[in-house]
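S.K.: One structure, as structure tokens, below. Some questions next.
Every number in this text was worked out from the coordinates using simple rules, so none of it is lab data. If you're wondering where the values come from, they're calculated on a predicted model, not measured in any experiment. For neighbour counting, all protein chains shown are included, and Cβ atoms are generated from backbone atoms with ideal geometry for every residue, glycine included.
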Amino acid sequence: MLKAMKFKNLNMDYARSITFGFEDALVSTTGVVVGIAVGTAQRDVIILAGIVTIAVEALSMGAGQYLSERTVHQMDVNHTHTDSLYLGAIFMFLAYMIGGMVPLFPMFVMPFPSAIYATVISAFIGLFLLGYVKGAIIGVPKLKSALEIFVVGGMATILGLVVGLLLKI
Ligand SMILES: [Zn+2]
């Protein structure tokens, strides 16, 4: 019983890292890529900025995951958290790296300006799929889970783009 509970706690912590990393990567990379792409149509500049952003953010999120989970472990007097701080940080890092490549990918393969629209659409599809897969893995209704991440992440994406475009003018 205790073992099962510990295992569930383990999964919960890693699932949170992966969901958080993926969602944040999809939303913030889209903001950066679109923000730069509307300012310059230079593909190599956009791709370089995208890769640097993804790498820096993935490292920062991994470090943040380690530090925040460390805080939780220090407060966890009953020792219910047996997850590895390092593994949590690695999951966060990898989820961010992979998630960030999704909205950046159209910039490698598509002509302008359709690549910009494809970036936004890729992020929306990524959010929907993230929710769907999450639902399937943790055993909650898949479509509901998909729409939840799609709507919340999608709103963050759109608001980010609106703010970015307004500041450009
Ligand atoms: Zn934990």
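S.K.: Which order do Ser28, Ser60 fall in if you start with the one that has the fewest other Cβ atoms within 10 Å?
M.R.: Lowest to highest Cβ neighbour count: Ser60, Ser28.
S.K.: Continuing with this model, one more query. Rank these for me by crowding, Tyr86, Tyr14, going from fewest to most other beta carbons within 10 Å.
M.R.: Tyr86, Tyr14
S.K.: Only four residue types carry charge here, +1 at the Cβ of Lys and Arg and -1 at the Cβ of Asp and Glu. Report the dipole size of the chain about the Cα centre in Debye, rounded to the nearest 20.
M.R.: 320
S.K.: Further question: For the peptides 145-155, 96-106, what is the packing order when you average, over each peptide's residues, the other Cβ atoms within 10 Å and list the highest mean first?
M.R.: Put in order of decreasing packing, that is 96-106, 145-155.
S.K.: In deg cm²/dmol and to the nearest 500, what is the mean residue ellipticity at 222 nm of the chain if only DSSP H runs of at least 4 residues count, each as -39500 (n - 2.57), divided by the residue total?
M.R.: Using -39500 (n - 2.57) per qualifying helix, the result is -31500 deg cm²/dmol.
S.K.: A further question follows. How far is the Cα center of region 114-153 from the Cα center of region 46-63, in Å?
M.R.: So the two Cα centres are separated by 21 Å.
S.K.: What's the whole-number percent of alpha carbon pairs in region 2-168 lying beyond 23 angstrom?
M.R.: 44
S.K.: Now a separate question. Filter the GluC sites (Glu not before Pro) in region 1-102 down to the DSSP loop ones having no more than 12 other Cβ atoms within 10 Å, then list what survives.
M.R.: none
S.K.: So for Thr119, Thr30, Thr40, Thr53, fewest C-beta neighbours within 10 Å to most, what's the order?
M.R.: Least to most surrounded, the residues fall as Thr40, Thr53, Thr119, Thr30.
S.K.: Moving on to the next point. List the aspartates and glutamates whose alpha-carbon lies under 20 Å from that of Lys134, not counting same-chain residues fewer than 8 positions away?
M.R.: Asp13, Glu23, Asp24, Asp83, Glu148
S.K.: Find the relative contact order for region 2-168 and round it to a whole percent, using C-alpha pairs within less than 8 Å whose residues are 6+ positions apart.
M.R.: About 30 percent, as a whole number.
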